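Encoded as structure tokens, the structure appears first; notes follow it.
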Amino acid sequence: MKLVTFEQGGKARPGIWLGDKVIDITAADSKLDTMLAFIAAGDKALTAAKAWSAAPPSGATLDAKAVKLLAPIPRPTKNVFCIGRNYLDHVKEGHEVRGTAVDLPKAPQIFTKPPTAVIGPDAEASAAKSVTAAFDYEVELGVIIGKKARDISKDSVFDHIFGYTVINDLTARDLQSLHGQWFRGKGLDTSCPIGPWIVTKDEIADVTTLELTCTVNGERRQNATVDMMIFDIPTIVSTLASGMTLEPGDIIATGTPAGVGFAMKPPKLLNEGDVVVCEVSQIGSLKTTIRRP
Ligand code: MG
């Protein structure tokens, strides 16, 4: 199932995306008025939504062309967790551009992006030239937590996952290195496009086979499969949940493969009007237009 948050008449509501139509989940059950409420409602809500997909309640079906999609979780309740340097070729390209020896992370490298950075599909990401001289793209697989997780084994990680989405971890490279900590370089407003929807985990037989691709103005820059991660999804989620509670609706960006703009020779950073498309196979395609006022 593809789950969206859509806007119609100035109101955001969760929905089931059927391609040409959207089923308004709140029209079917008034308590399920946000994606976070839907995820928190657990398996009962998922079972109900499957039934509504097959037989929509009267008055709940909308024309897909009549709605605007927002990020599937437009305002996460906490920061988006992110894994840095999680694909070998991306680690190598970073060291090569800095002229330093390859030093692989010994544990997942974790940073976050604030909720204010989140934007939806087909939106504009704006980074003023006065703030950053080096704005860059990073396609990533996003993991959405479905069930509360604390001190869980790697084996049980998939029981706690709700589904998957596409994330573009837009990054101000100059701020990332200037401040030592990555938070400011990763946290600018509009620097976290997410979407276009969440695909529920039952639709993904083997997450490691998913293919990530990023194009800029149609030119392919990044391409890799999830099995190339240094730390896999069970390791990432169980590490985050060790001594720290993960909750329904928490979002994890799992790292980007090689091909980012700052590591190209010469560097190809983002300019005014650039169109970045981040795609994950079996999930979807997330388009962002870049503004550089
Ligand atoms: Mg990243």
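The values are calculated or read from the model by the stated rules, or taken from the named source; none is laboratory data. If you're wondering where the values come from, they're calculated on a predicted model, not measured in any experiment. Using ideal geometry, Cβ is built from the backbone for each residue, glycine included, and neighbour counts are taken over all protein chains shown. In case anyone asks, the SASA skips ligands and DNA or RNA and just uses the protein heavy atoms, side chains included. Shrake-Rupley method; radii C 1.70, N 1.55, O 1.52, S 1.80 Å.
Candidates 208, 213: the one that is surrounded by fewer than 20 Cβ atoms within 10 Å (Cβ to Cβ) and either in a helix (DSSP H, G or I) or modelled with pLDDT under 95 (or both) is 208. Before we move on, is residue 105 part of a loop (DSSP other than H, G, I, E, B), open to solvent by less than 80 Å² (accessible area, probe 1.4 Å) and away from the ligand (no atom under 16 Å from the Cβ)? No, not satisfied.
Checked against the criteria, residue 250 counts as surrounded by 21 or more Cβ atoms within 10 Å (Cβ to Cβ), more than 16 Å from the ligand (Cβ to nearest atom) and either under 22 Å from residue 125 (Cα atoms) or touching a residue at least 40 places away in the same chain (Cβ under 8 Å) (or both). Somewhere in segment 60-82, is a residue within 30 Å of residue 184 (Cα to Cα), open to solvent by 50 Å² or more (accessible area, probe 1.4 Å) and over 23 Å from the mean Cα position of the chain (by Cα)? Taking every residue of segment 60-82 in turn, none turns out to be within 30 Å of residue 184 (Cα to Cα), open to solvent by 50 Å² or more (accessible area, probe 1.4 Å) and over 23 Å from the mean Cα position of the chain (by Cα). When segment 260-293 is filtered for residues that are open to solvent by 10 Å² or more (accessible area, probe 1.4 Å) and either under 17 Å from the mean Cα position of the chain (by Cα) or within 16 Å of the ligand (Cβ to nearest atom) (or both), the ones remaining, listed by number, are 262, 263, 269, 277, 279, 281, 282, 284, 285, 287, 289. Within the option set 185, 180, 163, 195, being outside any loop (DSSP other than H, G, I, E, B) and closer than 17 Å to residue 110 by Cβ holds for one residue only, 185. Given the conditions (1) more than 18 Å from the chain's Cα centre (by Cα); (2) surrounded by 20 or more Cβ atoms within 10 Å (Cβ to Cβ), report the number of the one that residue 198 does not fulfil. Residue 198 satisfies all of (1) more than 18 Å from the chain's Cα centre (by Cα); (2) surrounded by 20 or more Cβ atoms within 10 Å (Cβ to Cβ) except (1).
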